[in-house]
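J.: Mind looking over this structure? Questions follow.
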Amino acid sequence: MSEGENKQLQAPDSSQEAKPPDSGAAASAVGQGGGVSSVSPPVSAVAQPPSAAAATEDDEEESEDESEILEESPCGRWQKRREEVNQRNVPGIDNAYLAMDTEEGVEVVWNEVMFSERKNFKLQEEKVKAVFDNLIQLEHLNIVKFHKYWADVKENRARVIFITEYMSSGSLKQFLKKTKKNHKTMNEKAWKRWCTQILSALSYLHSCDPAIIHGNLTCDTIFIQHNGLIKIGSVAPDTINNHVKTCREEQKCLHFFAPEYGAVANVTTAVDIYSFGMCALEVRRDIIMI
């Protein structure tokens, strides 16, 4: 083979250069199972608007502020945060904050009862301690757990701080509001199950020696968990209620209280049964289609 012929064989033929496939042919090949797959163009990241980024930063800063530690218990186990817990309608509790149990690693509620005058607390100190000692001993599935209490007495004020179980789903009243807002109804079985749990808790309190009268049973002091478990809380005895600032203000839930409550010196467990009946009626009216 001559040198001219060899060069001719090595030279590329311009008529045989690679060409991009025809779109129609490619589509036909795909339709016939030819193995040609379409490739989507890369999706560019959508830039977050400055306003959204600023809002995210504000939310993070607010969350950090709420988790700030304001105070610790004398033993150092419980740490009070800035975030407040919505218990404003509970008589006897002036302030309620979210707190952390550093031993168990769970969230709890830091409750504060402010006595109007230091001398009032001194007169009732032993009785208050006896009451809270009894409350800490309570162990029942349907009663919010009391963990610890202590007194903080200073020159011009006195307060009792007690730590309770945190009910993340809120009160029964809050649940009723959400249910009505979403136009939902509950069946009668759920209502009966809730009533049974409340009565179980009251039976336990009333069977103690001496009997413990809740005296503050409303839809604000009944709590519900995400699994439907009912717990009653805020057991605020008269020893506390009669000497704190909050209870001198106007009470909003008077229809839950028996007529004799406050009118006679020594009430009985019957006042709790009356309050239970009012709670049961309110729940049935709000969320059960009759």
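J.: Does the range 129-151 hold any residues that are over 23 Å from ALA201 (Cβ atoms) and either at pLDDT below 90 or of a type in the set (Ser, Thr, Tyr) (or both), and which are they?
T.: LYS129
J.: Pick out the one residue from ILE240, ILE232, ILE273 that is buried (at least 19 other Cβ atoms within 10 Å of the Cβ) and modelled with pLDDT of 80 or more.
T.: ILE232
J.: Got at least one residue in the range 86-106 being touching a residue at least 24 places away in the same chain (Cβ under 8 Å), part of a strand (DSSP E or B), in contact with a Gly (Cβ under 7 Å, 6 or more places away or on another chain) and of a type in the set (Val, Ile, Thr)?
T.: Checking the range 86-106: not a single residue is touching a residue at least 24 places away in the same chain (Cβ under 8 Å), part of a strand (DSSP E or B), in contact with a Gly (Cβ under 7 Å, 6 or more places away or on another chain) and of a type in the set (Val, Ile, Thr).
J.: What do you reckon, is ILE287 farther than 30 Å from ALA151 by Cβ, within 26 Å of the chain's Cα centre (by Cα), of a type outside the set (Lys, Arg) and modelled with pLDDT under 70?
T.: When the stated conditions are applied, ILE287 passes them.
J.: For a quick check of your reading of the model, give me the residue pairs whose first member lies in the range 113-127 and is over 15 Å from ASP94 (Cα atoms) and surrounded by 15 or more Cβ atoms within 10 Å (Cβ to Cβ), whose second is of a type outside the set (Gly, Ala, Ser) and modelled with pLDDT of 70 or more, with beta-carbon atoms closer than 6 Å and at least 6 apart or on different chains.
T.: PHE121/PHE115
J.: Take ASN134 and tell me if it is assigned to a strand (DSSP E or B) and polar (S, T, N, Q).
T.: The answer is no for ASN134.
J.: Which condition from (1) at pLDDT 65 or above; (2) over 25 Å from LEU141 (Cα atoms) is the one that LYS245 breaks?
T.: (1)
J.: Over 19 Å from GLU282 (Cβ atoms) and not in a loop (DSSP other than H, G, I, E, B): does that describe SER168?
T.: no
J.: Continuing with the same structure: Do you know which residues across the range 191-225 are among the hydrophobic types (A, V, I, L, M, F, W, C), farther than 16 Å from VAL144 by Cβ and without any contact (Cβ under 8 Å) to a residue 60 or more places away in the chain?
T.: ALA211, ILE213, listed by residue number.
The values are calculated or read from the model by the stated rules, or taken from the named source; none is laboratory data. Just so you know, these numbers come straight off a predicted model, no measurement behind them. Note: ideal-geometry Cβ built from the backbone for every residue, glycine included; neighbour counts use all protein chains shown.
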